[in-house]
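The values are calculated or read from the model by the stated rules, or taken from the named source; none is laboratory data. Everything numeric in this text was worked out from a predicted model, so none of it was measured. In this analysis, Cβ positions are derived from the backbone assuming ideal geometry, glycine residues included, and neighbour counts consider all displayed protein chains. Protein only, heavy atoms only, side chains kept; ligands, DNA and RNA dropped before computing areas. Shrake-Rupley method; radii C 1.70, N 1.55, O 1.52, S 1.80 Å.
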Amino acid sequence: MNPTDLSAGPLAGLRVLDLSTMLAGPYGATILGDLGADVIKVESPYGDESRHLGPKRGEERGPYLSLNRSKRDMVLDLQQPDAQAVFKRLAETTDILITNIREPALSKLGLAYEQVRKHKPDIIWIRVTAFGADGPYDGRPGIDFLAQGYTGVLMLNGAPDGEPVRTGFPAVDVMTSLLVSNAALAALRARELTGEGQRIEVSLLDALMHAQASSIGTYLATGDRPKRTGNRSLYFAPSGVYPTRDGKHVVITTPGEKFFAKVCRALDSDWDTDPRFNDINARLANEDELDRVMSEATRRFDREELVAKLVAADVLTAPINDIEEVVKDPQILHNRMIVPVEHPELGRIDVTGIPIRFYGTPVEVRKHPPMQGEHSREVLAELGYTEAEIEALISAGLAADHIELRRQRAERRAKRAAADRS
């Protein structure tokens, strides 16, 4: 490929191996694929754990489909020593490798940094762990939920007098995926200047500590302990969720006197002249009463009417959308944050879009979430294997394509059914 041809995106011409599972690692690789890199997801015959979790569409699972666009997929059984020769050839063509495999499995599979570096000396090797590459928690299994516990996020989330509550979506994994892609881009820049690749470690724990600069950072600077506030703000009022006549809710928040004045005018009130509410300190001291009168006012309107009225008055407001409303939101659709791709078996599927808009080197979702082993033969051919050699690799169980995996699954189902009948 012409190195200046970036028609496929700013990372066109780069190759990424995604040897990670579940969310943080795979979604980091997805971002690089969105930006134009050739991302090859390398799976075991069992496959990414997300292929086995959640609601199904056809033979595919929702969590896998939602996270793995913009990739090709091959199956390689790295537990078999003879597969290492195939991996060596693949690694030699690679710029970035992403994994989240723990030791000792990492080294047993030949995927530790020093092992991969022998195949490609300037490889950029990125591993995601739960708690860090070393230290007292080294080697422990961990997921998003645990990181929220260790970093105190669970104590900050939820109603002030209620139980700790985790975030309703995998925020830590998503933040970590952004750090994975950020790290990859920074390492590419360093390699461009020095010719050297490097080992990079990213953890869920560190990502969430980084995200809490405003809460933990404030405590470190002032000694003020963060408090659980539910939907309220620690620093200003009103700020919260307010009911509407049709049984729905809106968000209204007022970080400053001018925004409170705008709320008052929009709701035809003179709260800003009331001694209980006429400055931020007074409003915080009388927050229960303020929320009561605010709720009385918002209940006079249906949600859409109220949002339109508040937006017209330049108030900071938003509807609280159900999922069916989110996917039809006009701004979300305008921003192309939901886009269609054509799947060879499922037909059209909609996936979330790319959260960065490039004007010089436009990016787009170009590939559907691949089926397991869908591109095994294609990638092996690109590595120089002949058709006969590819057949031999698949016959030996070192690699597998989508058709062979389907055959194996059908065979296992038939054996189970026969066992159940006997």
Using a 7 Å offset from the Cα along the Cα-to-Cβ direction at both Val165 and Asp134, what is the distance between the two label points in nm, to one decimal? 4.1 nm
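If you take every DSSP beta bridge whose two residues both sit in the chain, what share of them, in percent to the nearest 5, is antiparallel? Write out the running numbers ahead of the final one.
Working: 19 of 41 bridges.
Expressed as a percentage, antiparallel bridges in the chain total about 45.
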Can you give the angle from 0 to 90° between the axis of helix 287-298 and the longest principal axis of the chain, with both taken from C-alpha atoms, to the nearest 10? 90 degrees
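Just the accessible area per residue of the stretch 282-410, please: how many Å² with a 1.4 Å probe? Kindly include the intermediate steps, with their values, before the conclusion.
Working: 7150 Å² over 129 residues.
The answer is 55 Å² per residue.
R0 = 51 Å: FRET efficiency of Glu59 with Glu201, Cβ-based, nearest 0.05?
0.90
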Can you compute the charge dipole magnitude of the stretch 231-385 about its Cα centre, using +1 on each Lys and Arg Cβ and -1 on each Asp and Glu Cβ, nothing else charged? Give it in debye, rounded to the nearest 20. 220 debye
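Under a point-charge model restricted to the Cβ atoms of Lys and Arg (+1) and Asp and Glu (-1), what is the dipole moment magnitude of the stretch 1-115 relative to its Cα centre, in debye to the nearest 20? The partial results should precede the final answer.
Values: 13 positive and 16 negative charges, 53 e Å.
Roughly 260 debye for the stretch 1-115.
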Of Met337, Gly347, Phe301, which is farthest on the positive side of the dipole of the stretch 267-362, counting Cα position, with +1 on Lys and Arg Cβ, -1 on Asp and Glu Cβ, and the Cα centre as origin? Gly347
Length added when fully stretched, Arg102-Thr194, from 0.36 nm per residue minus Cα-Cα: 30.2 nm
For the chain, with only Lys/Arg (+1) and Asp/Glu (-1) charged at the beta-carbon, what is the dipole magnitude about the Cα centre, in debye rounded to 20? 560 debye
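On the accessible surface of the chain, probed at 1.4 Å, how many percent belong to carbon and sulfur atoms? Walk me through the intermediate numbers first.
Numbers: 11900 of 21590 Å².
Carbon with sulfur: 55 percent of the solvent-accessible area.
By the gyration tensor of its Cα atoms, with a ≥ b ≥ c the square roots of the eigenvalues, what is the shape of the stretch 215-355: rounded for a/c under 1.5, prolate for a/b over b/c, or oblate? Let's see the in-between values first.
Details: a/c = 2.79, a/b = 1.58, b/c = 1.76.
Cα axes put the stretch 215-355 in the oblate bin.
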Restraint check, Lys41/Lys120; Lys227/Lys309; Lys248/Lys328, Cα-Cα greater than 25 Å: Lys227/Lys309
Please list the non-local residues whose amide H lies under 5 Å from the amide H of Thr129, H modeled 1.01 Å from N, same-chain partners needing a gap of 5 or more. Val202, Ser203, Leu204
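On a full-extension model of 0.36 nm per residue, what is the gain between Arg413 and Glu382, subtracting their alpha-carbon distance, rounded to one decimal in nm? Kindly include the intermediate steps, with their values, before the conclusion.
Working: separation 31, 0.36 × 31 = 11.16 nm, distance 3.34 nm.
Contour length minus Cα-Cα distance gives 7.8 nm.
Taking the solvent-accessible surface of protein heavy atoms with a 1.4 Å probe, what is the per residue accessible area of the stretch 137-265 in Å²?
On the way: 7050 Å² over 129 residues.
For the stretch 137-265, the solvent-accessible area averages 55 Å² per residue.
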Asp302 versus Asp314, label points 7 Å from Cα toward the beta carbon: distance in nm? 2.9 nm
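Under Stokes-Einstein, with the Kirkwood radius over Cα pairs standing in for Rh, what whole-number D in µm²/s applies to the chain at 20 °C and 1.002 mPa s?
Details: Rh = 24.7 Å.
Translational diffusion coefficient: 87 µm²/s.
Between Tyr359 and Glu257, 0.36 nm times their residue separation minus their Cα-Cα distance comes to what? Could you put the intermediate results ahead of the total?
Numbers: separation 102, 0.36 × 102 = 36.72 nm, distance 3.74 nm.
Gain in length upon complete extension: 33.0 nm.
Pull out a ≥ b ≥ c, the square roots of the eigenvalues of the alpha-carbon gyration tensor of the stretch 134-184, then state rounded if a/c is under 1.5, prolate if not and a/b is larger than b/c, and oblate in the remaining case. Show your work: numbers first, answer last.
Values: a/c = 2.94, a/b = 1.51, b/c = 1.94.
It is oblate, given that a/c is not under 1.5 and a/b is not larger than b/c.
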Taking just the alpha-carbon atoms of the stretch 82-204, what radius of gyration and Dmax come out, in angstrom? 17.5, 59
Do any chymotrypsin sites (Phe, Trp or Tyr not before Pro) in the stretch 260-358 lie in a DSSP loop with no more than 16 other beta carbon atoms within 10 Å, and if so, which? Phe358
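Label the stretch 338-410 by shape, choosing from rounded, prolate and oblate, from the square roots a ≥ b ≥ c of the eigenvalues of the Cα gyration tensor; if a/c is under 1.5 it is rounded, and otherwise prolate applies when a/b is larger than b/c, oblate when it is not.
Numbers: a/c = 4.03, a/b = 1.83, b/c = 2.20.
Cα axes put the stretch 338-410 in the oblate bin.
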